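Below: the structure, in structure tokens.
The values are calculated or read from the model by the stated rules, or taken from the named source; none is laboratory data. Remember, predicted model here, so these are calculated numbers, not experimental data. Ideal geometry is used to build each Cβ from the backbone, glycine not excepted, and the neighbour counts take in all protein chains shown. Only protein heavy atoms, including side chains, enter the accessible area calculation; ligands, DNA and RNA are left aside. Shrake-Rupley method; radii C 1.70, N 1.55, O 1.52, S 1.80 Å.
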Amino acid sequence: MKAMFYEAFEKAPEIRNLPDPEPSFGGVVVKVGASGLCRSDWHGWMGHDPDIRLPHVPGHELAGKVVATGKGVMRFKIGDRVTVPFVSGCGHCSECHSGNQQVCPNQFQPGFTHWGSFAEYVAIDYADTNLVHLPEEIDDATAASLGCRFATSFRAVADQARTGPGDWVAVHGCGGVGLSAIMIATALGANAIGIDLSEDKLAFARQCGAVATINASTVADVVEAVREITKGGAHVSIDALGHPVTCFNSIKNLRRRGRHVQVGLMLGEHATPSIPMAQVIGHELEIYGSHGMQAWRYDAMLAMLKAGRMKPQQLIAKRITLEEAVPGLMTLDKSETPGISVITTF
Ligand SMILES: [Zn+2]
Ligand SMILES: [Zn+2]
């Protein structure tokens, strides 16, 4: 199979011919129809993710067709169109049994713990626990865009933050995660505020439903700006970027008993940010992480999609080839283009 491959961190990946994968006992092989590019692929390639062992094939936001199944697979067959959450549970531990596959200690992550989907084929373990059947009306590129950022945002906004109608939701960072969060909060009846340094991204945020936007490079104080718009602070705030400044602001701009959700990854030198803990205590703030979403929660998300309440395909800015994904991956940290890139030609 053709795949993007690297033997060293920070060195340009190559497109290589590699042996086709075989399914494990409980796993399948998926012919990749689409695979999204994500900032976590860039973190992985930079060497920030301890799960990655070299050499490596990245890629974790995928959709495609099952072409081979292991003997233990009961719920899926060759020809099924599927996607998979980027954190896949083992199905056997206490976290998985409690329905929290997204924090399974034995987790399978395509593109991190195992080779991923920047390739013609990808092997997925624990298929019965993690694969999601795709309805016909959702195409591969749209489905691929759900697996990581959109699903993580869905869990962050709907499940972790318990966002409801009328809530003010501040979203710090209007990349793929942030725009998804704005779209989901809006679909849930909340009022989203998009915050970013780029006017282009803020314009996109308004298209996704943001009722207000704040350009952090032109206001004196982001926290004060949020407090003013919301008359006292946000009910829910999301750090969708993953930076000490956005994390701090996201907690600081909450109203009493507000909920902060950290979705943007905090890796390397940013792993231990300072946060306004006195306010967390005095105002009884709630601080959550959000990392992936269980396969069984896709039903709720897909139902909202099918009803037309959210349109994640709006977030797809570019459909690219596997070859074009090499420079795309290497420059993801500097990307100023709003929206996401999806590989649709392998
Ligand atoms: Zn991702
Ligand atoms: Zn497990």
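What list of ³J(HN,Hα) couplings, whole Hz, do you get for the range 300-316 from phi and the Karplus terms 6.51, -1.76, 1.60, once you set θ to phi - 60° and write x for glycine and proline?
5, 5, 5, 5, 5, 5, 5, 7, x, 7, 9, 10, x, 5, 4, 7, 7
Any idea of the accessible area per residue across the range 194-247, 1.4 Å probe, to the nearest Å²?
With all protein chains present, the range 194-247 gives 44 Å² per residue.
What is the distance, in nm, between label points placed 7 Å from the Cα along the Cα-to-Cβ direction at residue 103 and at residue 46?
Result for the modelled spin labels: 2.6 nm.
Would you mind calculating the gained length between residue 296 and residue 25 on full extension (0.36 nm times residue separation, minus the Cα-Cα distance), in nm to one decimal?
Fully extending the segment from residue 296 to residue 25 adds 95.4 nm.
Per-residue ellipticity at 222 nm for the chain, helices alone: DSSP H runs ≥ 4 residues times -39500 (n - 2.57), over residue total, nearest 500 deg cm²/dmol?
One gets -6000 deg cm²/dmol as the mean residue ellipticity at 222 nm.
Counting only residues 5 or more places away or on other chains, whose amide H sits under 5 Å from the amide H of residue 286 once H atoms are built in the peptide plane?
Sorted by chain and number, the residues that satisfy this are 258, 259, 260.
Under 1.5 on a/c is rounded, so check that first for the range 201-247, then, if it is not, pick prolate when a/b is larger than b/c and oblate when it is not; a ≥ b ≥ c are the square roots of the alpha carbon gyration tensor eigenvalues.
Because its axes are fairly even, with a/c under 1.5, the range 201-247 counts as rounded.
Within straight cross-link reach of residue 334, meaning Cα distance under 26 Å, which lysines are found once same-chain residues fewer than 8 apart are removed?
The reachable lysines, counting only those whose Cα sits under 26 Å from residue 334, are 11, 201, 311, 318.
Starting from the Cα of residue 220, step 7 Å along the direction of its Cβ; do the same at residue 9; then give the gap between the two resulting points in nm.
4.2 nm
Could you pull out the trypsin sites (Lys or Arg not before Pro) across the range 1-66 that fall in loop regions by DSSP (anything but H, G, I, E, B) with no more than 13 other Cβ atoms inside 10 Å?
Sparse-neighbourhood loop trypsin sites (Lys or Arg not before Pro): 11, 53.
Which residue, 136, 324, 95, tops the fluctuation ranking in a GNM of the chain built on C-alpha contacts under 10 Å?
Among 136, 324, 95, the largest mean-square fluctuation in the Gaussian network model of the chain belongs to 136.
Can you give me the % of accessible surface on the range 207-346 that is carbon or sulfur? Probe 1.4 Å, all protein chains present, nothing else counted.
Carbon plus sulfur share of accessible area: 54 percent.
Using packing as a proxy for protection, rank 223-231, 237-245 so that the peptide with the highest average count of other Cβ atoms within 10 Å comes first.
237-245, 223-231
Each residue of the range 251-256 in turn: what ³J(HN,Hα) in whole Hz from Karplus with 6.51, -1.76, 1.60 and θ = phi - 60°, glycine and Pro shown as x?
Rounded to whole hertz, the list is 7, 5, 8, 7, 7, 4.
Can you give me the distance in nm between label points at residue 133 and residue 207, each placed 7 Å from the Cα along the Cα-to-Cβ direction?
3.4 nm
Comparing 280, 171, 219, which has the greatest mean-square fluctuation in the GNM of the chain with Cα pairs linked when under 10 Å apart?
The residue that fluctuates most here is 219.
Grab the beta carbon distance between residue 197 and residue 92, set R0 = 41 Å, and tell me the FRET efficiency rounded to 0.05.
0.40
Where does the charge balance sit around residue 118 when Lys and Arg score +1, Asp and Glu -1, over other residues with C-beta under 12 Å from its C-beta?
Summing Lys/Arg as +1 and Asp/Glu as -1 gives -4.
Show me, for the range 116-121, the HN-Hα J-couplings you get by feeding each phi into the Karplus relation (A = 6.51, B = -1.76, C = 1.60, θ = phi - 60°), rounded to Hz, glycine and proline as x.
x, 9, 7, 6, 5, 9
Straight-line reach from residue 252: which lysines have Cα under 20 Å away, leaving out those fewer than 8 places along the same chain?
Partners found: 231.
Return the percentage of antiparallel bridges among DSSP beta bridges fully within the range 69-212, rounded to the nearest 5 %.
Around 30 percent antiparallel, to the nearest 5.
Can you list the residues, at least 5 places off or on another chain, whose amide H is less than 5 Å from the amide H of residue 214, using H built in the peptide plane?
194, 195, 196
Using a Förster distance of 56 Å, how high is the FRET efficiency between residue 2 and residue 274, based on the Cβ-Cβ distance and rounded to 0.05?
So, using R0 = 56 Å, E works out to roughly 0.80.
Only Cα pairs within less than 10 Å get springs; with that Gaussian network setup on the chain, which residue of 101, 294, 313 has the largest fluctuation?
Looking only at 101, 294, 313, the largest GNM fluctuation is found for 313.
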